[in-house]
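Notes for the one structure printed next.
The values are calculated or read from the model by the stated rules, or taken from the named source; none is laboratory data. This one's a predicted model, so the numbers in the text were calculated from it and none came from an experiment. No Cβ is skipped: glycine too gets one built from the backbone with ideal geometry, and neighbour counts run over all protein chains shown. All accessible areas refer to the heavy atoms of the entire protein, side chains included, with ligands and DNA or RNA removed. Shrake-Rupley method; radii C 1.70, N 1.55, O 1.52, S 1.80 Å.
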Amino acid sequence: MRNVRLPGVTAEPDSARRVKLAPSILASDFSRLGEELNAIAGADWAHVDVMDGQFVPNISFGLPILAAARAASSLFMDVHLMIDRPERYLKDFADAGADGLTVHVESTPHIHRAVQQIRELGKKAGVTLNPGTSLETLRPVLPEVDLVLIMSVNPGFGGQKFIPHSLERIRTVRRWLDELGSAAELQVDGGVGPTNARAVVNAGASNLVAGSAVFGRDGAQAGLERLREALK
Ligand code: DX5
Ligand code: ZN
């Protein structure tokens, strides 16, 4: 039976999978947020890092900045919640303009419920975990999610070094998603740049977050271009 795709089965091989780029606005110049978003208009998503000073040892920004970014850009707003008990705020972030919401398995005893809540809000549901957390913690919710994020640094700060063991973790989750026939995005976040982007994609990633590698001194457009070149 040619031309027939089984429901839920991804047919694209690694090489054909189009990699999405998601610049993290955490590394942008907030005083020029509108211009910075304009400079990444050629990207696929805008990655929005929300930190509460509890779940991670840093505070970034919250709802008003997301709402401002939403108003200034038509990019998919990919919100990474590094906050305790994210279920308390899912609706607020959805209302403020999130298209996708990603929650940490470590941040709530009710990760399955949090994923369900995101889907009920009509948003893409993502799940993630810290580099020191067992991948097994993801497995029960894998069939329910639209995105899995493998953190390749400890969350909390931009500009850190990629943890090499992350490649093995990406390969494992890629295998699990393929076994499930899942079309979920496999996103990688932390220390990704032109020197390792190809290796990260070869390990199975479909979606790359990059902060400092994009919003460098010579502008986000140039940073994005360097990343794309590295993937050619
Ligand atoms: C880290 C954040 C990342 C960060 C990435 O806690 O989740 O999204 O902004 O920054 P770079 O690409 O500079 O490592
Ligand atoms: Zn992030």
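Identify all residues within the stretch 111-133 that are open to solvent by 60 Å² or more (accessible area, probe 1.4 Å) and closer than 27 Å to His165 by Cα; write none if there are none. Answer for the stretch 111-133, where residues must be open to solvent by 60 Å² or more (accessible area, probe 1.4 Å) and closer than 27 Å to His165 by Cα: His112, Gly132.
For Ala43, the test of being open to solvent by less than 20 Å² (accessible area, probe 1.4 Å), among the aliphatic types (A, V, I, L, M), within 16 Å of ligand 1 (Cβ to nearest atom) and assigned to a loop (DSSP other than H, G, I, E, B) is passed. Candidates Thr172, Thr195: the one that is polar (S, T, N, Q) and within 30 Å of Gln116 (Cβ to Cβ) is Thr172. Within the stretch 176-195, being crowded, with 21+ Cβ neighbours inside 10 Å and in a loop (DSSP other than H, G, I, E, B) holds for Ala184, Gly190, Gly191, Val192. Taking the criterion of being assigned to a helix (DSSP H, G or I) and either within 16 Å of ligand 2 (Cβ to nearest atom) or crowded, with 23+ Cβ neighbours inside 10 Å (or both), the residues of the stretch 86-110 that qualify are Pro86, Phe93, Val105, Glu106, Ser107. If the condition is being away from ligand 2 (no atom under 14 Å from the Cβ) and open to solvent by 30 Å² or more (accessible area, probe 1.4 Å), then the stretch 152-169 contributes Lys161, Ile163, Pro164, His165, Leu167, Glu168.
Checked against the criterion of being among the aliphatic types (A, V, I, L, M), open to solvent by less than 10 Å² (accessible area, probe 1.4 Å) and away from ligand 1 (no atom under 15 Å from the Cβ), the stretch 204-215 has no qualifying residue.
From the list Leu149, Leu138, Leu142, the one residue that fits, being away from ligand 1 (no atom under 16 Å from the Cβ), in contact (Cβ under 8 Å) with a residue 24 or more places away in the chain and buried (at least 20 other Cβ atoms within 10 Å of the Cβ), is Leu138. With respect to the conditions (1) surrounded by 21 or more Cβ atoms within 10 Å (Cβ to Cβ); (2) farther than 30 Å from Gly53 by Cβ, Arg198 lacks only one, and its number is (1).
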